[in-house]
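After the structure tokens below, expect a handful of questions from me.
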Amino acid sequence: MKRVAILGVGMHPWGKWGHNFVTYGVVAAQAALADAGISWRDVQFVSGADTIRNGYPGFIAGATFAQALGWSGARVSSCYAACASGASALQAARAQILAELCDVALVVGADTTPKGFFAPVGGDRPDDPDWLRFRLLGATNPTYFALYARRRIEMFGATPADFAKVKVKNSRHGLSNPNARYRKEVTEEEVLTSPVVADPLRLLEICATSDGGAAIVLASEEYARRIAGPSAHPPMIAAISTVTPTYPNTVIEMPNFATDSGTASGPSFRDSIARAAYEEAGLGPEDLDVAEVYDLSSALELDWYENIGLCKEGDAERLLNDGDTTVGGRIPVNPSGGLSCFGEAIPAQAIAQVCELTWQVRGQADGRQVEGARVGLTVNQGLFGHGSSVIVTR
Amino acid sequence: MKTRTPAIEGWFRLDDADPRLLATRCKSCATYFFPKETTFCRNPDCDGRELEEVALSSHGRLWSWATNYYPPPAPYVAADPFVPYTVAAVELEDEKLVVLGQVAPGVSPDELRTGMHMRLTLGPLFEDDEREYIVWKWDRA
């Protein structure tokens, strides 16, 4: 598989800033363009990751950001894949470059979120499973996270202290990240005395909803050499996995009421997401120096260790407790601080993961740098069957 | 006395003696779908277009559960004052579907264990001035 170069990355810090999402996207885009050393006029293709809670401009994010940056005639696309939207937007840009339809593309995702639980899109919509799961079950997003957490406790003997330690680790990682929303060290005791939201998960273990924006400039290898010089070694995207489940999908997933019938069992969807990226890059979990995984909850981070092949099923707690996944350990996970320190700005999140890996492989992740990081993997999953995994190499 | 009304039409049998979830089964490959799939079979290796309604088995084993301590947003109609409730995922014995449902109010989450036998029951979800809206729930078998 041919690779594409990451020419520049940029973010608007995560928080609750109260601005329109377009502001965050434009700030992130301008930062990425400056980092790339190119101007907006040079961009040939804009790939926007959509937000569904900000009206029409959110549904056509590519055009919204292009207009805000100043109509330049660049081609645009907009896509939505829930939490995986950023990876889909990256994939759309990469495909344009690899098909030689353009040399340089700008990928942008940004969001402004409401406070509290994510609610379904408004109106009376009894045909929408996302509406019905709230109506008939009261099944919030944390309800699903808690089902997985409880399953770990029952199957592998995980403890609330194990889950709390994920939060403690990530809070330390995020301390010096200028783009993180929460930059405060928390103790195990503080986690374990925070209010129970969806038992067994507590408030400090569940990712918040945030405002934020992230952007990446992608380019062909030839264009990158032209801009940065022949001796430059920009980070490369070695793989993007946007796989969907294979039938039958026998693990209950948000926002569904039921799984497929497991009378014939199939491979696990979550295992398949990173596997497809490894296959595309010709790499494996043993090649990774760093990973950014989607810690919607503390316990879910542990599931991902297994899903991306860092350890076998049931061993994630040991990996955590041995310090392997802490910066300085064997395979640091979420050096950025993860969703634990960021909260979730949905369309920006998968892009932000790739921004972090870019800084890591460039050696620019001040205060959270994984020494000698050369290969990193992101993983994420969007509801309604969207896999997302990106491998960055240098 | 308020009228008992299903909180959603066609998803379950409103029969206290034998409550059942209503699904469809593909006539070609015999796989099950809940909620009902009525037009095309979703098995990628099957071209089936005839899906018949079937009542699912009313027993299964507990896969996992979660207890909510904060009221969810609308369209959930939360009791006032709010009462925490548990959502269970139960794997049906015969069909091997894992189906979510609230846990019947008499069951404490402390009694629950993965693999435990559960049975389908009916219970109130919310009510208005005239009607009590009923939904399926999971109870200890």
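The values are calculated or read from the model by the stated rules, or taken from the named source; none is laboratory data. These numbers were taken from a predicted model, which means no experiment stands behind them. For neighbour counting, all protein chains shown are included, and Cβ atoms are generated from backbone atoms with ideal geometry for every residue, glycine included.
Yes or no: the stretch A:360-377 includes at least one residue that is buried (at least 19 other Cβ atoms within 10 Å of the Cβ), touching a Pro at 6+ places or on another chain (Cβ under 9 Å) and part of a helix (DSSP H, G or I).
yes
Then there's this: Quick test of your reading of the structure: A:Y223 fulfils all but one of (1) assigned to a loop (DSSP other than H, G, I, E, B); (2) away from chain B (no Cβ under 14 Å); (3) more than 24 Å from the chain's Cα centre (by Cα). Name the failing condition by number.
Evaluating A:Y223 over (1) assigned to a loop (DSSP other than H, G, I, E, B); (2) away from chain B (no Cβ under 14 Å); (3) more than 24 Å from the chain's Cα centre (by Cα) leaves (1) as the failure.
Another one. Return the pair list, or none, for Cβ contacts closer than 7 Å from residues in the stretch A:106-128 that are under 18 Å from B:Y76 (Cα atoms) to residues that are in a loop (DSSP other than H, G, I, E, B) and modelled with pLDDT under 90, at least 6 apart or on different chains.
A:D128/A:P120
Here is a further query. Yes or no: A:E253 away from chain B (no Cβ under 14 Å) and out of contact with any His (no Cβ under 9 Å at 6 or more places or on another chain)?
Answer is no for this residue.
Residues that are of a type in the set (V, I, T), within 26 Å of A:G266 (Cα to Cα), surrounded by fewer than 20 Cβ atoms within 10 Å (Cβ to Cβ) and at pLDDT below 95: does the stretch B:48-57 have at least one?
Scanning the stretch B:48-57 turns up no residue that is of a type in the set (V, I, T), within 26 Å of A:G266 (Cα to Cα), surrounded by fewer than 20 Cβ atoms within 10 Å (Cβ to Cβ) and at pLDDT below 95.
Against the definition (more than 27 Å from A:P245 (Cβ to Cβ) and without any contact (Cβ under 8 Å) to a residue 12 or more places away in the chain), how does B:A141 come out, yes or no?
no
Of (1) modelled with pLDDT under 95; (2) surrounded by 21 or more Cβ atoms within 10 Å (Cβ to Cβ), A:S298 satisfies all except one. Which?
The one condition A:S298 does not meet is (1).
Tell me which residues, restricted to the stretch A:176-201, are surrounded by fewer than 16 Cβ atoms within 10 Å (Cβ to Cβ) and part of a loop (DSSP other than H, G, I, E, B).
A:S176, A:P178, A:R183, A:K184, A:E185, A:T187, A:T193, A:P195 - these are the residues of the stretch A:176-201 that are surrounded by fewer than 16 Cβ atoms within 10 Å (Cβ to Cβ) and part of a loop (DSSP other than H, G, I, E, B).
Considering every residue within the stretch A:176-199, establish whether at least one is within 14 Å of another protein chain (Cβ to nearest Cβ), of a type in the set (A, V, I, L, M, F, W, C), closer than 29 Å to A:V22 by Cβ and touching a residue at least 24 places away in the same chain (Cβ under 8 Å).
No, because not a single residue in the stretch A:176-199 is within 14 Å of another protein chain (Cβ to nearest Cβ), of a type in the set (A, V, I, L, M, F, W, C), closer than 29 Å to A:V22 by Cβ and touching a residue at least 24 places away in the same chain (Cβ under 8 Å).
Hey, does the stretch A:251-260 have a residue that's closer than 16 Å to A:V375 by Cα and not assigned by TED's automatic domain parsing to the domain that holds A:A84?
No: the stretch A:251-260 contains no residue that is closer than 16 Å to A:V375 by Cα and not assigned by TED's automatic domain parsing to the domain that holds A:A84.
Across the stretch A:11-42, what is the number of residues that are of a type outside the set (S, T, Y) and surrounded by fewer than 24 Cβ atoms within 10 Å (Cβ to Cβ)?
Qualifying residue count for the region: 20.
Quick one: which strands (runs of 3 or more DSSP E) sit completely within the stretch B:84-141 and have at least 1 residues that are farther than 24 Å from A:L201 by Cβ?
Here the list reads B:85-92, B:117-127, B:131-140.
Would you mind telling me which numbered condition in (1) at the interface with chain B (Cβ under 8 Å from one of its Cβ atoms); (2) within 23 Å of the chain's Cα centre (by Cα) A:M155 fails?
A:M155 satisfies every listed condition except (2).
Please list, ordered by residue number, the helices (runs of 4 or more DSSP H) wholly in the stretch A:58-173 having 3 or more residues that are assigned by TED's automatic domain parsing to the domain that holds A:E189 and of a type in the set (D, E, K, R).
Of the helices (runs of 4 or more DSSP H) lying wholly inside the stretch A:58-173, those with at least 3 residues that are assigned by TED's automatic domain parsing to the domain that holds A:E189 and of a type in the set (D, E, K, R) span A:141-156.
Exactly one condition in (1) surrounded by fewer than 22 Cβ atoms within 10 Å (Cβ to Cβ); (2) under 30 Å from A:S220 (Cα atoms) is false for A:G109; which is it?
(1)
While we're on this one: Within the stretch B:62-78, can one find any residue that is more than 11 Å from every other protein chain (Cβ to nearest Cβ) and surrounded by 15 or more Cβ atoms within 10 Å (Cβ to Cβ)?
Scanning the stretch B:62-78, I find no residue that is more than 11 Å from every other protein chain (Cβ to nearest Cβ) and surrounded by 15 or more Cβ atoms within 10 Å (Cβ to Cβ), so the answer is no.
Counting just the residues of the stretch B:3-17 that are outside any strand (DSSP E or B) and away from chain A (no Cβ under 13 Å), which one comes out nearest to the chain's Cα centre (by Cα)?
Among them, the one singled out is B:L14.
Output the number of the condition that A:D271 fails; it satisfies all remaining conditions of (1) surrounded by fewer than 17 Cβ atoms within 10 Å (Cβ to Cβ); (2) over 16 Å from A:G382 (Cα atoms).
(2)
Taking the stretch A:257-283, which residues are more than 8 Å from chain B (Cβ to nearest Cβ), assigned to a loop (DSSP other than H, G, I, E, B) and out of contact with any Ser or Thr (no Cβ under 9 Å at 6 or more places or on another chain)?
The one that is more than 8 Å from chain B (Cβ to nearest Cβ), assigned to a loop (DSSP other than H, G, I, E, B) and out of contact with any Ser or Thr (no Cβ under 9 Å at 6 or more places or on another chain): A:G282.
Still on this structure, I have one more. Would you mind stating whether A:F134 is closer than 29 Å to B:G101 by Cβ, under 20 Å from the mean Cα position of the chain (by Cα), crowded, with 21+ Cβ neighbours inside 10 Å and within 14 Å of chain B (Cβ to nearest Cβ)?
no
Restricting attention to the stretch B:79-90, and to residues there that are more than 7 Å from every other protein chain (Cβ to nearest Cβ) and of a type in the set (V, I, T), which single residue is surrounded by the most Cβ atoms within 10 Å (Cβ to Cβ)?
Selected residue: B:V90.
Quick check on my filter: what residues within the stretch B:18-59 are among the small types (G, A, S) and facing chain A (nearest Cβ under 10 Å)?
B:A23, B:A30
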